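Participant: Before we start, here is the structure in question, set down as structure tokens.
The values are calculated or read from the model by the stated rules, or taken from the named source; none is laboratory data. Computed from a predicted model, the values in this text were never measured in an experiment. Virtual Cβ from ideal backbone geometry, glycine too; neighbours counted across all protein chains shown. SASA here: full protein model, heavy atoms, side chains in, ligands and nucleic acids out. Shrake-Rupley method; radii C 1.70, N 1.55, O 1.52, S 1.80 Å.
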Amino acid sequence: MTLTYIASGFAVGLLVGLTGVGGGSLMTPILTLIFGVSPNVAVGTDLAFASITKVSGTVAHRFQNNIRWKIVKHLCLGALPAAGLATLLLQHVGSVGHDIGRLIRYTIAFSILLTVTAIVFRSRMLSWLDARPEKQLQGKKLTAATIVAGAALGILVTISSIGAGAIGSTILILLYPRLKPAEVAGTDIAYAVPLTAIAALGHWWLGTINWELLVTLLVGSIPGITIGSLVARLIPAIALRALLATALTGVAVKLVY
């Protein structure tokens, strides 16, 4: 079982390093559906797993110059306070009920499919924006939209551990369509570090982290995300977009079914 945990951590870490996507969207279902971990503990453990794993990914992407720090700052301005408030909400009302949890999963799946559409039709979307520059958010409107989106992410990630990568990449692709795939991955990973760290601290306070399981997953995930982050820029953009679209589609299907 330990080797299975390590292999799972490596596979998820590699995918996150390459695309920025796959952390909570894959690890939480793996822990609950395959390994039988209770949902509350799965969410808390996955958030701690993501926060530590993505530190390694951030360092690697930093060396590759894949991170757009201004975008990271704006996302965090919304996400971090929202994560704190969501933690307090969980402390008062307990874990999210089945119906609300299903609604969250369906909402995330729909947003992910929007991302896939944006990836597949990226060239057409850029051509459309070049012909209609007034349709692309700029300046203060773009900053405000990024902060608001970050706040929504902070809430979603804290209560479900899902969304930091999947929804984060959606936001980056739709609001900043000219980012390269490797820049989407690097920026997505970098902003998720403080967000998942704050959410994980909240779950530590709530007592919903399995530390032994966490350490085992990290043994595989840290080398996985480091390798993925270092080679992301070396992979042709079209291949990386295809991998990202495939990974996101798989996540969306998994969330629904």
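Participant: Using θ = phi - 60° and the Karplus form 6.51 cos²θ - 1.76 cosθ + 1.60, what ³J(HN,Hα) does each residue of region 37-51 get, whole Hz, x for Gly and Pro?
Facilitator: 6, 4, x, 4, 5, 4, 5, x, 5, 5, 5, 5, 4, 5, 4
Participant: Once the piece of chain linking residue 144 and residue 7 is laid out straight, how much longer is it, given 0.36 nm per residue of separation minus the C-alpha distance between them? Before the final figure, lay out each step's value.
Facilitator: Details: separation 137, 0.36 × 137 = 49.32 nm, distance 4.01 nm.
This chain segment gains 45.3 nm when fully extended.
Participant: Would you mind getting the accessible area per residue of region 1-67, heavy atoms of the protein chains only, 1.4 Å probe, in Å²?
Facilitator: Working: 2450 Å² over 67 residues.
Value returned for region 1-67: 37 Å² of accessible area per residue.
Participant: What full-extension length gain, to one decimal in nm, is calculated for residue 65 and residue 130 as 0.36 nm per residue of separation minus the Cα-Cα distance?
Facilitator: Numbers: separation 65, 0.36 × 65 = 23.40 nm, distance 2.55 nm.
Extra length from residue 65 to residue 130 when fully extended: 20.8 nm.
Participant: At 7 Å along Cα-to-Cβ for each site, give me the label-to-label distance between residue 237 and residue 117 in nm.
Facilitator: 2.3 nm
Participant: Right, here's the next one. Once label points are set 7 Å from the Cα along Cα→Cβ at both residue 110 and residue 38, what is their separation, rounded to one decimal in nm?
Facilitator: Placing both labels 7 Å beyond Cα along the Cβ direction yields 3.2 nm.
Participant: Follow-up. Give me the percent of the accessible area of region 189-249 that comes from carbon and sulfur atoms, probe 1.4 Å, all protein chains in place.
Facilitator: Numbers: 2030 of 2670 Å².
Taking all protein chains in place, region 189-249 shows 76 percent carbon and sulfur surface.
Participant: Which whole-number value in Å² is the accessible area per residue of region 211-257, probe 1.4 Å? Before the final figure, lay out each step's value.
Facilitator: Details: 2330 Å² over 47 residues.
I get 50 Å² per residue for this part.
Participant: So for region 134-221, taking the charge dipole from beta-carbon charges (+1 Lys/Arg, -1 Asp/Glu), which of 215, 196, 143 sits furthest toward the positive end?
Facilitator: After comparing all options, I get 143.
Participant: In debye, nearest 20, what is the charge dipole magnitude of region 177-257 about its Cα centre with +1 on Lys and Arg Cβ and -1 on Asp and Glu Cβ, if you could check? The partial results should precede the final answer.
Facilitator: Working: 5 positive and 3 negative charges, 68 e Å.
The calculated dipole for region 177-257 is roughly 320 debye.
Participant: Over region 162-257, what is the relative contact order in whole percent, taking alpha-carbon pairs under 8 Å and six or more residues apart?
Facilitator: On the way: 27 pairs, mean separation 32.0, N = 96.
Across region 162-257, relative contact order equals 33 percent.
Participant: Probe radius 1.4 Å, ligands and nucleic acids ignored: give me the carbon and sulfur share of the accessible area of region 1-88 as a rounded percent. List each step's numbers first, then the result.
Facilitator: Working: 2500 of 3470 Å².
That fraction is 72 percent.
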